[in-house]
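A.B. asks: Would you mind keeping the following structure in view while I ask a few things?
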Amino acid sequence: MKVQNNSVVSIHYTLTNDSGEVLDSSEGKDPLKYLHGAGNIIPGLENELLDCVVGDSKQVTVQPKDGYGELNEQLVQKLPTEAFGGIDKIEEGMEFQAEGPDGSAQYVVVTKVEEDGITIDGNHALAGQVLNFDVSVVEVRDATETEIEHGHVH
Ligand code: ZN
């Protein structure tokens, strides 16, 4: 059975950046299951899995525009320390949930702590990065009607 829209696909993958550093991997875990054609995974990877069959292995390079997007400078902001009143100690790498411009929840990470302010970054951690996937297809099946309706795997 070939991977097509409305297939439920199980994959094992290892994700490395351009320096060869492993960013994420399904090794030692259950394979990742996704509904093909529903935007569950980044487009650059999804497109390359079309027509694959069980047992296929591939190396896929994904540019930022087909991955987590380009870095958006507007999502990087320096805020006065008072804006974090009530939190004992702010450290680089801390994550907060903030309200985005459209009112939706947005995750930001503290990237710099200085005396005159704190810099936060709302970009996805993988934005602006070229991503290299080693991916293998473990299972392919047809999605159920409910899964297609919901747009995700049950
Ligand atoms: Zn559901």
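A.B. asks: Can you name the condition, by its number, that VAL153 falls short on among (1) touching a Phe, Trp or Tyr at 6+ places or on another chain (Cβ under 7 Å); (2) within 16 Å of the ligand (Cβ to nearest atom); (3) open to solvent by 60 Å² or more (accessible area, probe 1.4 Å)?
C.D. replies: (3)
A.B. asks: Of all residues in segment 1-30, which are within 20 Å of VAL53 (Cβ to Cβ) and assigned to a loop (DSSP other than H, G, I, E, B)?
C.D. replies: MET1, LYS2, VAL3, GLN4, ASN5, ASN6, SER26
A.B. asks: Moving on. Could you please tell me which pairs satisfy a Cβ distance under 8 Å, a separation of 6+ or placement on different chains, a first residue in segment 136-154 that is farther than 21 Å from SER25 by Cβ and in contact (Cβ under 8 Å) with a residue 24 or more places away in the chain, and a second residue that is open to solvent by less than 30 Å² (accessible area, probe 1.4 Å) and within 11 Å of the ligand (Cβ to nearest atom)?
C.D. replies: Short answer, once both residue conditions are applied: ALA143/LEU35; GLU147/LEU35; ILE148/LEU35; GLY151/LEU35; HIS152/LEU35.
A.B. asks: Of the residues in segment 6-20, how many are modelled with pLDDT of 95 or more and not hydrophobic (A, V, I, L, M, F, W, C)? I'd like the intermediate steps shown before the answer.
C.D. replies: Of all residues in segment 6-20, those modelled with pLDDT of 95 or more come to 6-16.
Right, trim to not hydrophobic (A, V, I, L, M, F, W, C) and you get 6-7, 10, 12-14, 16.
Residues in segment 6-20 being modelled with pLDDT of 95 or more and not hydrophobic (A, V, I, L, M, F, W, C): 7 in total.
A.B. asks: Within segment 117-135, take every residue that is surrounded by fewer than 17 Cβ atoms within 10 Å (Cβ to Cβ) and over 20 Å from the mean Cα position of the chain (by Cα) and give me the one that is farthest from the ligand (Cβ to nearest atom).
C.D. replies: Among residues in segment 117-135 that are surrounded by fewer than 17 Cβ atoms within 10 Å (Cβ to Cβ) and over 20 Å from the mean Cα position of the chain (by Cα), the one farthest from the ligand (Cβ to nearest atom) is GLY117.
A.B. asks: So, one more: Out of all the residues in segment 72-81, which are surrounded by 15 or more Cβ atoms within 10 Å (Cβ to Cβ) and outside any strand (DSSP E or B)?
C.D. replies: If the condition is that a residue be surrounded by 15 or more Cβ atoms within 10 Å (Cβ to Cβ) and outside any strand (DSSP E or B), then LEU75 is the only one that fits.
A.B. asks: So, in segment 31-71, how many residues would count as being part of a strand (DSSP E or B) and buried (at least 16 other Cβ atoms within 10 Å of the Cβ)?
C.D. replies: So the first thing to find is which residues in segment 31-71 are part of a strand (DSSP E or B), and the list is 32-35, 57-62.
From what is left, the residues that are buried (at least 16 other Cβ atoms within 10 Å of the Cβ) are 32-35, 60, 62.
Number of matching residues: 6.
A.B. asks: Next question. Let me confirm something: among GLY93, GLY86, which residue is away from the ligand (no atom under 16 Å from the Cβ), without any contact (Cβ under 8 Å) to a residue 60 or more places away in the chain and over 28 Å from ASP18 (Cα atoms)? It would help to see each step written out before you state the result.
C.D. replies: Details: GLY93 fails: over 28 Å from ASP18 (Cα atoms).
Answer to the selection: GLY86.
A.B. asks: Being under 11 Å from LEU131 (Cα atoms), open to solvent by 20 Å² or more (accessible area, probe 1.4 Å) and within 13 Å of the chain's Cα centre (by Cα), is that true of even one residue in segment 19-27?
C.D. replies: Step one: filter segment 19-27 for residues under 11 Å from LEU131 (Cα atoms), giving 19-24.
Okay, now just the ones that are also open to solvent by 20 Å² or more (accessible area, probe 1.4 Å), so 19-24.
Subsequent filtering for residues that are within 13 Å of the chain's Cα centre (by Cα) retains 23-24.
Yes; the residues of segment 19-27 include at least one that is under 11 Å from LEU131 (Cα atoms), open to solvent by 20 Å² or more (accessible area, probe 1.4 Å) and within 13 Å of the chain's Cα centre (by Cα).
A.B. asks: Take GLU147 and tell me if it is within 16 Å of the ligand (Cβ to nearest atom) and either in a helix (DSSP H, G or I) or not hydroxyl-bearing (Ser, Thr, Tyr) (or both).
C.D. replies: Details: within 16 Å of the ligand (Cβ to nearest atom): yes; either in a helix (DSSP H, G or I) or not hydroxyl-bearing (Ser, Thr, Tyr) (or both): yes.
Yes, satisfied.
A.B. asks: May I pose another question? With respect to VAL138, determine if the residue is surrounded by fewer than 19 Cβ atoms within 10 Å (Cβ to Cβ) and not in a strand (DSSP E or B).
C.D. replies: So VAL138 fails the test.
A.B. asks: Oh, and also: From ASP134, ASP88, ASP121, which residue is more than 22 Å from ALA38 (Cβ to Cβ), at pLDDT below 90 and among the charged types (D, E, K, R)? Lay out the reasoning, then the answer.
C.D. replies: On the way: ASP134 fails: at pLDDT below 90; ASP121 fails: at pLDDT below 90.
Answer to the selection: ASP88.
The values are calculated or read from the model by the stated rules, or taken from the named source; none is laboratory data. If you're wondering where the values come from, they're calculated on a predicted model, not measured in any experiment. Positions of Cβ are generated from backbone atoms using ideal geometry, with glycine treated the same way; all protein chains shown enter the neighbour counts. Calculation scope for accessible area: heavy atoms of the full protein, side chains included, ligands and nucleic acids excluded. Shrake-Rupley method; radii C 1.70, N 1.55, O 1.52, S 1.80 Å.
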